[in-house]
């Protein structure tokens, strides 16, 4: 199954959790079409369908630990929906895009929560709530992926910043990776600390070498 098919299947599975009087099958399919279109834009190499599918697979692994699984999955689907490598407002724009798409489908409190979570993926600060901590760890789990996938991720990020001079890019990229490497612990939840922390530190050390 392709990443696009997995993405579509996961989105369609969520339909049952929307209130039918506020959200029709047609609206759900139209939103899927817009999401797929957004995540397949040409400027993306990492922040695309594959990343969302990988995040959703990680969600499945920790689902039993999540209080509001519906909101968390929606946050995953929308958190990178607006992505321009030169922009500093991707998270704000993504949160706004989410609000516009599902404005009538969810209670205001849930919309606000999902928007707040999306904004939190910009800084990855220590979360005050458990669900958000899981979302942030899911988003950063790529750092603790298998060596081959981490190498692919590194190439994908370089591709997104292809317009940046090589020397400048390497310097800036190492600053980012060093910050992750020095964060103790990198992951906020026990699950990700146990399953991803050591591999992430190994990958980061290798990349900084």
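No value in this document is a laboratory result; all are computed from the given coordinates. Source: prediction; values computed, not measured. All Cβ positions, glycine included, derive from the backbone under ideal geometry; neighbour counts span all protein chains shown.
For this structure, a couple of remarks:
- Extension gain for the segment residue 109 to residue 57, taken as residue separation times 0.36 nm less the Cα-Cα distance, is 16.1 nm to one decimal.
- Where the Cα pairs of the chain fall when distances are cut into 10 Å bins, in %: 8, 34, 38, 17, 3, 0
- Here the extension length gained between residue 9 and residue 119 equals 37.0 nm, from 0.36 nm per residue of separation less the Cα-Cα distance.
- Percent RCO, i.e. relative contact order, over the chain, from Cα pairs under 8 Å lying at least 6 residues apart: 20
- Choice from 82, 126, 176 with maximal GNM fluctuation in the chain (Cα, 10 Å cutoff): 176
- Cα Rg over Rh - the stretch 125-209, Kirkwood: 0.99
- Compared with the dominant Cα axis of the chain, that is its longest principal axis, helix 49-62 is turned about 80°.
- Exposure proxy ranking for 178, 86, based on other Cβ atoms within 10 angstrom of each Cβ and starting from the fewest, stands as 86, 178.
- Listed by Cβ neighbour count within 10 Å, with the fewest neighbours leading, 195, 79 appear as 195, 79.
- Fully extended contour minus Cα-Cα distance, from residue 182 to residue 34, at 0.36 nm per residue: 49.5 nm
- Value of Rg/Rh across the stretch 5-104 [Cα atoms, Kirkwood radius]: 0.95
- Each of 13, 174 has some number of other Cβ atoms within 10 Å of its Cβ, and from fewest to most they run 13, 174.
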